[in-house]
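A.B. asks: One structure coming up, written as structure tokens, with questions to follow.
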Amino acid sequence: MPIITIYQGASGEGQELAETVARALDYRCVGREVLVEASRRYGIAEAKLNEIVEKGPHWWERLLQDLRPYRIALQATLCELAHDGKAVYHGHLGHELLFGIGHVLKVLLSAPIEFRVEQVRARQGLTDAAARNYIDEVDKARSRRLMEMFGADWRDPNRYDLVLNMSKMSREGAKRVIIEAAKLDEYQPTAASNQAFNDLSLGSRVQATLFASPDLQGSALEVRAEDGHIHVKGRVDQGLEDEVVRIVKSVSGVSQMTADIYSVPPEALLGG
């Protein structure tokens with residue numbers, strides 16, 4: 001059976017549906033705890049992570065910060081939580097964090113704006129106008145965030161495998177459709193999809209660990225995993241080449257390493 005990701009915009013019952021599907025399949029249901037775990041495991045401040053994931057940085061903040069450490073930390077943690085394939089993720093990042101893995105069933109819950117307004121109004125006790133404004137603001141913030149982190153638009157139906165109109169379907173009906181889709185041959189793990197997942201998992205864990213090193217935060221490194229073989233290339237400050245090698249080899253699952261690293265003195269980066 002596949003890993004399942006479920007995303008719904010600012011309305012509805014995506015979490016409740018995910019929990020229902022997870023219980024039916026005897027899967028774990030994964031949500032916001034992924035973010036908390038990522039912040040703890042890879043040394044990212046939880047408050048800063050929450051700010052980026054929940055609010056999205058303002059345009060001037062984006063000029064001053066690199067979002068890759070947050071994306072890689074989230075990806076590494078989600079891969080670890082879904083390592084056995086028995087996971088349903090609900091949220092607005094999962095389908096992109098695991099994009100390209102064949103045994104991931106990516107579900108988008110959709111509905112006309114009038115239906116979404118009614119859901120938000122009932123859930124939060126808002127007026128129609130306030131509910132509409134809430135949906136608009138949250139959808140815009142999430143669109144900016146996903147574009148910044150992945151270069152993708154969450155509203156693009158081609159990013160998903162299954163799009164369900166929740167104004168036409170009960171939670172029970174949606175659960176049944178998702179479970180039946182999860183049984184299709186097209187979404188079952190294969191040797192190739194398992195290898196792709198393992199490579200993504202190991203590569204993201206290695207890169208997240210490198211990002212977590214205070215000495216390497218100014219480095220520009222790219223990491224690729226291939227069946228336990230880690231390929232690292234890029235720039236580091238002078239004298240840190242051995243530190244990169246040490247960190248990479250310390251990550252569980254790394255069997256071999258190939259490095260194409262060059263260094264520059266710190267003053268060179270400052271124009272000295």
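The values are calculated or read from the model by the stated rules, or taken from the named source; none is laboratory data. No experiment lies behind these values; they were computed from the predicted model shown. Reconstructed Cβ throughout: ideal geometry from the backbone, glycine too, with neighbour counts over all protein chains shown. Side chains included, ligands, DNA and RNA excluded: accessible areas come from the protein's heavy atoms. Shrake-Rupley method; radii C 1.70, N 1.55, O 1.52, S 1.80 Å.
A.B. asks: Consider region 227-241. How many of its residues are open to solvent by less than 50 Å² (accessible area, probe 1.4 Å) and more than 27 Å from the chain's Cα centre (by Cα)?
C.D. replies: The number of residues fulfilling the criteria is 2.
A.B. asks: Also, quick follow-up: List pairs: first residue in region 122-140 and small (G, A, S), second residue part of a helix (DSSP H, G or I) anywhere in the structure, Cβ distance under 6 angstrom, at least six positions apart or on different chains.
C.D. replies: Within 6 Å, the pairs are A131/V117; A131/V120; A131/R121.
A.B. asks: Moving on. Has region 82-96 got at least one residue that is over 24 Å from A24 (Cα atoms) and crowded, with 16+ Cβ neighbours inside 10 Å?
C.D. replies: Yes - at least one qualifying residue is present in region 82-96.
A.B. asks: Being modelled with pLDDT of 90 or more, surrounded by fewer than 19 Cβ atoms within 10 Å (Cβ to Cβ), more than 16 Å from the chain's Cα centre (by Cα) and among the charged types (D, E, K, R), is that true of even one residue in region 61-70?
C.D. replies: no
A.B. asks: Restricting attention to region 5-33, and to residues there that are within 17 Å of the chain's Cα centre (by Cα), assigned to a helix (DSSP H, G or I) and not charged (D, E, K, R), which single residue is surrounded by the most Cβ atoms within 10 Å (Cβ to Cβ)?
C.D. replies: Looking at residues that are within 17 Å of the chain's Cα centre (by Cα), assigned to a helix (DSSP H, G or I) and not charged (D, E, K, R), I get A18.
A.B. asks: Looking at region 153-171, which of the residues that are outside any loop (DSSP other than H, G, I, E, B) and in contact (Cβ under 8 Å) with a residue 40 or more places away in the chain is nearest to A22 (Cα to Cα)?
C.D. replies: Per the criteria, the residue is R171.
A.B. asks: Under 6 Å between Cβ atoms, which residue pairs at least 6 apart in sequence (or on different chains) link something in region 205-232 that is within 16 Å of C79 (Cβ to Cβ) with a partner that is open to solvent by less than 40 Å² (accessible area, probe 1.4 Å) and of a type in the set (S, T, N, Q)?
C.D. replies: V223/Q207
A.B. asks: While we're looking at this one, here's another question. Within the bounds of region 252-263, is there any residue that is under 30 Å from Y89 (Cβ atoms), at pLDDT 95 or above and surrounded by 15 or more Cβ atoms within 10 Å (Cβ to Cβ)?
C.D. replies: Yes, region 252-263 has at least one match.
A.B. asks: Which is more than 18 Å from R41 (Cβ to Cβ), modelled with pLDDT of 90 or more and either crowded, with 18+ Cβ neighbours inside 10 Å or among the aromatic types (F, W, Y) (or both), of V223, V244?
C.D. replies: Selected residue: V244, the only one of V223, V244 that is more than 18 Å from R41 (Cβ to Cβ), modelled with pLDDT of 90 or more and either crowded, with 18+ Cβ neighbours inside 10 Å or among the aromatic types (F, W, Y) (or both).
A.B. asks: Residues of region 120-142 being more than 26 Å from the chain's Cα centre (by Cα), assigned to a helix (DSSP H, G or I) and surrounded by 13 or more Cβ atoms within 10 Å (Cβ to Cβ), which ones?
C.D. replies: If the condition is that a residue be more than 26 Å from the chain's Cα centre (by Cα), assigned to a helix (DSSP H, G or I) and surrounded by 13 or more Cβ atoms within 10 Å (Cβ to Cβ), then R121, A130, A131, R132, N133 are the ones that fit.
A.B. asks: Here's a follow-up. Exactly one condition in (1) among the hydroxyl-bearing types (S, T, Y); (2) buried (at least 16 other Cβ atoms within 10 Å of the Cβ); (3) under 21 Å from Y70 (Cβ atoms) is not met by S193; state its number.
C.D. replies: (3)
A.B. asks: Quick check on my filter: what residues within region 179-190 are part of a helix (DSSP H, G or I), open to solvent by less than 50 Å² (accessible area, probe 1.4 Å) and not small (G, A, S)?
C.D. replies: If the condition is that a residue be part of a helix (DSSP H, G or I), open to solvent by less than 50 Å² (accessible area, probe 1.4 Å) and not small (G, A, S), then I179, Y187 are the ones that fit.
A.B. asks: A follow-up question, please. Kindly provide the set of residues from region 97-109 that are surrounded by 20 or more Cβ atoms within 10 Å (Cβ to Cβ) and over 18 Å from A208 (Cβ atoms), ordered by number.
C.D. replies: The answer is H103, V104, L105, K106, V107, L108, L109.
A.B. asks: Considering R176, R145, which residue is open to solvent by 30 Å² or more (accessible area, probe 1.4 Å) and either touching a helix residue (DSSP H, G or I) at 6+ places or on another chain (Cβ under 6 Å) or assigned to a helix (DSSP H, G or I) (or both)?
C.D. replies: Numbers: R145 fails: open to solvent by 30 Å² or more (accessible area, probe 1.4 Å).
After ruling out the rest, the residue left standing is R176.
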